[in-house]
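Single-structure report; data block below.
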Amino acid sequence: MKRITLVLTLFLGVLLLAGCSNSKDKAGDSDKKGEENTLRVAMSTDIDSLDPFKMTAGDTETIMDQVFDGLFDVDTEGNLIPDLAESYSVSEDGKTYDFKLKKDVSFHDGKKFSAEDVLYTYDAMAGLTSKEPLSTKFSIIDKIDVIDEYNIRVHLKERQNGFIYLTLRPIVEKDYKDNGTKPIGTGPYMFESYTPGEGLKLKKFEDYHKKDHLAHFENIEVIKIADRQTMIMALQSGDLDLADRISSEEADQLEDACTIERFPQNLVQVMGLNNDFKPFQDKNVRLALNYAIDRDEIIKNAAEGNATKLFSSFSPALKDYFEDLGEYYPHDAEKAKVLLKEAGYENGLKFKMTVPSDYKYHMNTAEIIQAQLHKVGVEVTIDPIEFSTWLTKVYKDRDYEATVVGFIGYLDPIQILGRYTSENEKNYINFKSDAFDKAIANAEKASTKEEGITNIKEAQRILAEEAASVFIADPDNNQALRKGLTGLNQYPIQKLNLEDVKLENE
């Protein structure tokens, strides 16, 4: 079997290298300015949708951020900065937002951007006309007034402090219906083609509105590489230029060929427990699992020590809002056994853990958890499935018992925690708590930042106290950029500024 695996890996590597032939000429030779200039980026999962109205996967949003812009963007410090909007103001009661839009912005098909495009986008997201909102978050919008071509006013049904962060979401062209097959945005790159299972091709947009951020590379090629060793080989040989969110072990293999950046990524890795699954309806069982799992061992072996231990669904990357819970669930196998006995599982407990196989880090974590739980009489069967299937089976349909996955962080603390409110369609663990719902509602309507912080921290404590799931860690992000390239920034959210990547001698 080892020989077969080696042959298969080498075969995949040959296919990839053949497909990326002449990349050194195209992406790394400064003397060949006239030739095609391509930046090749690795992606381990398939695009879940090209349409901004339908995309849900973090990796997809990161890649399609090259094609689309929002009213605002984010800088490396986590601050909102102007994008399609120049500025905004908000009324004293927090219910009315006025946006001044940027002029002289073009979509990739040449159409001029205006307030009508914002109206079209937000109307669809909120369901103002259709009565079927595409996002529950946008349902807070009551009505929208177009003041003139470059000024628009959004009225909310009530104060919701997290609304301003929704302005990071992509703006689409009015009445354009083909974003699912040929997306058109205002971003630094234009869509060229997408082949499921293979990858995505983008081309530089010469008329990009941020003239100081015109793309350096003419083309972006996003290549799906599920086999991790094939990806490593391609980076080592120079036939790939960039890989994001790689493991610490993989980063160590690439230090000779790539510049490695390690930084907290504002992500929460969690062993999600379906609270509707009979054993997990018992809080003692959920507590037992929290005590049985040794987070330090997971961090040491899965993340090579490069992660921050967590006990609730919040990363210290957003320092103002993070509640330091200390060692809330210290590893205690004997206490776990007692709790399982009290819950009626003295003779053992069995469940299935559905894990996205595309993510080696989560698979490695699942295997460690499996071994740890075996020691307290809990038998876990790991069910590996592709992430695209995971999105439907686990995240949408909630047809699972347990899972291991990571949720990307946002700038909005309410968006991070709000998924666990009782009626949220994204509450994939089926957690229900009146106290938690109240804390989030209070944070959304807080009239001061301090009041918001108090309620966000309270929500974190409730998730921990109720053992809603097993929150594990925020693993450091490791980025590999081929040596000879520069310009890639690090952000407190999942984001790649591919337009700024360039040759060091440019």
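In the range 452-506, which residue that is of a type in the set (Lys, Arg) and assigned to a loop (DSSP other than H, G, I, E, B) is nearest to ILE408 (Cα to Cα)?
Quick first cut of the range 452-506, residues of a type in the set (Lys, Arg) only: 457, 461, 482-483, 495, 502.
Still in the running and assigned to a loop (DSSP other than H, G, I, E, B): 483, 495.
Working: LYS483: 27, LYS495: 10 Å.
Residue satisfying both the conditions and the ranking: LYS495.
Taking only the range 312-332 into account, find how many residues are surrounded by fewer than 16 Cβ atoms within 10 Å (Cβ to Cβ) and touching a residue at least 24 places away in the same chain (Cβ under 8 Å).
Initial filter on the range 312-332 (surrounded by fewer than 16 Cβ atoms within 10 Å (Cβ to Cβ)): 316, 319-320, 324, 326-327, 330.
Subset that is touching a residue at least 24 places away in the same chain (Cβ under 8 Å): 316, 320, 330.
Total meeting the criteria: 3.
Per the listing LYS157, LYS102, LYS143, LYS54, the residue uniquely closer than 19 Å to ASP207 by Cβ, surrounded by fewer than 20 Cβ atoms within 10 Å (Cβ to Cβ) and among the basic types (Lys, Arg) is LYS102. I'd like to check which strands (runs of 3 or more DSSP E) are fully inside the range 245-310 and have at least 2 residues that are under 19 Å from ASN364 (Cα atoms), open to solvent by less than 10 Å² (accessible area, probe 1.4 Å) and among the aromatic types (Phe, Trp, Tyr). Per the criteria, no element qualifies.
Rundown of residues vs (1) open to solvent by 10 Å² or more (accessible area, probe 1.4 Å); (2) charged (D, E, K, R), yes/no style:
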site: VAL405; (1), (2): no, no
site: TYR410; (1), (2): yes, no
site: SER422; (1), (2): yes, no
site: GLU425; (1), (2): yes, yes
site: PHE431; (1), (2): no, no
site: LYS438; (1), (2): yes, yes
site: LYS445; (1), (2): yes, yes
site: ALA467; (1), (2): no, no
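Of all residues in the range 221-232, none that is farther than 13 Å from GLY197 by Cβ and open to solvent by 20 Å² or more (accessible area, probe 1.4 Å) has its Cβ atom under 7 Å from the Cβ atom of a residue that is part of a loop (DSSP other than H, G, I, E, B) and basic (Lys, Arg), 6 or more apart or on another chain. For the range 190-228, what are the residues that are under 23 Å from ASN477 (Cβ atoms), in contact with a Gly (Cβ under 8 Å, 6 or more places away or on another chain) and not in a strand (DSSP E or B)? Within the range 190-228, just HIS216 meets the criteria. Tallying residues that are open to solvent by less than 60 Å² (accessible area, probe 1.4 Å), closer than 24 Å to GLY70 by Cβ and not aliphatic (A, V, I, L, M) within the range 194-218 yields 7.
Kindly establish whether VAL105 is more than 21 Å from ARG159 (Cα to Cα) and touching a strand residue (DSSP E or B) at 6+ places or on another chain (Cβ under 8 Å).
Details: more than 21 Å from ARG159 (Cα to Cα): yes; touching a strand residue (DSSP E or B) at 6+ places or on another chain (Cβ under 8 Å): yes.
Answer is yes for this residue.
Limited to the range 420-441, what total is found for residues that are in contact (Cβ under 8 Å) with a residue 24 or more places away in the chain and more than 10 Å from ILE462 (Cβ to Cβ)?
Taking the range 420-441 first, the residues in contact (Cβ under 8 Å) with a residue 24 or more places away in the chain are 420, 424-426, 428-433, 435-436, 440.
Checking the rest, the ones that are also more than 10 Å from ILE462 (Cβ to Cβ) come to 424-426, 428-430, 432.
Final tally of qualifying residues: 7.
Applying the criterion of being assigned to a strand (DSSP E or B) and open to solvent by less than 40 Å² (accessible area, probe 1.4 Å) to the residues of the range 358-381, the residue that is farthest from LYS341 (Cα to Cα) is VAL380.
Just give me the residues in the range 457-488 being in contact with a strand residue (DSSP E or B) (Cβ under 9 Å, 6 or more places away or on another chain) and of a type in the set (S, T, N, Q), in sequence order.
Looking only at the range 457-488, we keep the residues that are in contact with a strand residue (DSSP E or B) (Cβ under 9 Å, 6 or more places away or on another chain), and these are 463-464, 467-488.
SER469, ASN477, ASN478, GLN479, THR486 - these are the residues of the range 457-488 that are in contact with a strand residue (DSSP E or B) (Cβ under 9 Å, 6 or more places away or on another chain) and of a type in the set (S, T, N, Q).
Identify all residues within the range 110-167 that are of a type in the set (Asp, Glu) and either out of contact with any Leu (no Cβ under 9 Å at 6 or more places or on another chain) or closer than 16 Å to THR96 by Cα (or both); write none if there are none. Explain how you work it out, then say what you get.
Step one: list which residues in the range 110-167 are of a type in the set (Asp, Glu), which gives 116-117, 123, 132, 142, 145, 148-149, 158.
Those that are of a type in the set (Asp, Glu) and either out of contact with any Leu (no Cβ under 9 Å at 6 or more places or on another chain) or closer than 16 Å to THR96 by Cα (or both): GLU116, ASP123, GLU132, ASP142, ASP145, ASP148, GLU158.
Within the range 173-182, identify whether any single residue is surrounded by 19 or more Cβ atoms within 10 Å (Cβ to Cβ) and not small (Gly, Ala, Ser), and answer yes or no. Before the answer, list the steps.
Initial filter on the range 173-182 (surrounded by 19 or more Cβ atoms within 10 Å (Cβ to Cβ)): 173, 179.
Now drop any that are not not small (Gly, Ala, Ser), which leaves 173, 179.
Checked the range 173-182: at least one residue is surrounded by 19 or more Cβ atoms within 10 Å (Cβ to Cβ) and not small (Gly, Ala, Ser).
Evaluate the range 145-159: report whether one residue or more is in contact with a His (Cβ under 9 Å, 6 or more places away or on another chain) and farther than 21 Å from GLU221 by Cα. Checked against the condition, which is being in contact with a His (Cβ under 9 Å, 6 or more places away or on another chain) and farther than 21 Å from GLU221 by Cα, the range 145-159 yields at least one hit. Kindly evaluate THR121 against the criterion of being open to solvent by 70 Å² or more (accessible area, probe 1.4 Å) and either over 26 Å from GLU192 (Cα atoms) or at pLDDT 95 or above (or both). In short, no. Within the set ASP500, ASP476, the sole residue that is of a type outside the set (A, V, I, L, M, F, W, C) and within 30 Å of ALA292 (Cα to Cα) turns out to be ASP476.
Quickly run through the range 321-348 and pick out the residues that are within 35 Å of the chain's Cα centre (by Cα) and not in a helix (DSSP H, G or I). Selection gives TYR321, PHE322, GLU323, ASP324, LEU325, GLY326, GLU327, TYR328, TYR329, PRO330, HIS331, ASP332. Counting the residues of the range 392-443 that are within 25 Å of TYR491 (Cα to Cα) and either part of a helix (DSSP H, G or I) or over 17 Å from the mean Cα position of the chain (by Cα) (or both) gives 7.
The values are calculated or read from the model by the stated rules, or taken from the named source; none is laboratory data. What you are looking at is a predicted structure, and each value in this text was computed from that prediction instead of being measured. With ideal geometry, Cβ positions are generated from the backbone for all residues, glycine too; neighbour counts draw on all protein chains shown. Accessible surface is based on the protein model in full, side chains and every heavy atom, while ligands, DNA and RNA are left aside. Shrake-Rupley method; radii C 1.70, N 1.55, O 1.52, S 1.80 Å.
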